[in-house]
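Q: This is the structure I have questions about; it appears just below.
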Amino acid sequence: MRELSLNVMDIVQNSVTAKATFIEIIVKEITNDSLLSINDSLLSIIIKDNGCGMSEKQLKNVTDPFFTTRTTRSVGLGIPLFKMEAEQTGGSFSIDSEIGLGTTLKANFVTSHLDMTPLGNINSTVSILIRCNPDIDFLYRRSIDDKSFDLDTKELRQVLGNDVPLNSSEVMQWIDEYLKEQTQNLIGGKDNNEIIG
Ligand SMILES: Nc1ncnc2c1ncn2[C@@H]1O[C@H](COP(=O)(O)OP(=O)(O)OP(=O)(O)O)[C@@H](O)[C@H]1O
Ligand SMILES: [Mg+2]
């Protein structure tokens, strides 16, 4: 997979299958010119859902590509691939889950590493997820150093009322423009195509 945003799509698909009603996607970036004056730029991706969760045994096996509850084929690759993408940059990966409560995945990437996979078009991933799952609430939070923005579909629903579905073309157009504008604000003067994807 050549874009982390495609891994995100895959991981969120697991949350949808797990019957989540609320999914958070948090993409945080710390650049090496930030106030922290660290040596490496870091990207962290957190995906949190309130779906059915996993048992301890499932959780232990979940990073093993030969473990899956799928019946159509025996190999699940979503999580092992995401873990590999993070670890190959010298980053880290963790997953927490509790039956009935939900699941949280965290992946940290060292963005300066040669094996860093570009984030890609994360705005498009978020937009497609909302369009395809109009009954699920999403919180997408994006930050670079001390700047951040949120797209919160719960808030949008409150403003729109119950009669307007989130995936109506007007609302989707607004969402796409909002994501684009906010991302540009975030990047500001930074000349960084990797960040936008
Ligand atoms: N968010 C989640 N909530 C509950 N169970 C999960 C979640 N994510 C993964 N799982 C469990 O872990 C298994 C492995 O997930 P993974 O994404 O690696 O493979 P898969 O979804 O089975 O197949 P693939 O992603 O390759 O289509 C899933 O089959 C599911 O049982
Ligand atoms: Mg999967």
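The values are calculated or read from the model by the stated rules, or taken from the named source; none is laboratory data. As the structure is a computational prediction, the values presented were derived from the model and not from experiment. Note: ideal-geometry Cβ built from the backbone for every residue, glycine included; neighbour counts use all protein chains shown.
Q: Can you give me the number of residues within the stretch 99-112 that are out of contact with any Phe, Trp or Tyr (no Cβ under 8 Å at 6 or more places or on another chain) and surrounded by fewer than 18 Cβ atoms within 10 Å (Cβ to Cβ)?
A: Number of matching residues: 5.
Q: Only one of D96, D150 is over 25 Å from T63 (Cα atoms) and assigned to a strand (DSSP E or B); which?
A: One residue alone meets the criteria, D150.
Q: Assess whether D115 counts as being without any contact (Cβ under 8 Å) to a residue 40 or more places away in the chain, more than 26 Å from E181 (Cα to Cα) and either surrounded by fewer than 19 Cβ atoms within 10 Å (Cβ to Cβ) or hydroxyl-bearing (S, T, Y) (or both).
A: So D115 fits the description; yes.
Q: Checking K106 against (1) more than 7 Å from ligand 1 (Cβ to nearest atom); (2) at pLDDT below 95, only one condition comes out false. Which one?
A: K106 satisfies all of (1) more than 7 Å from ligand 1 (Cβ to nearest atom); (2) at pLDDT below 95 except (2).
Q: So in the stretch 6-20, with the set limited to residues that are surrounded by 23 or more Cβ atoms within 10 Å (Cβ to Cβ) and polar (S, T, N, Q), which one is nearest to ligand 1 (Cβ to nearest atom)?
A: The extreme case among them is S15.
Q: Scan the stretch 86-98 for residues that are crowded, with 20+ Cβ neighbours inside 10 Å and away from ligand 1 (no atom under 13 Å from the Cβ) and report the count.
A: Count: 3.
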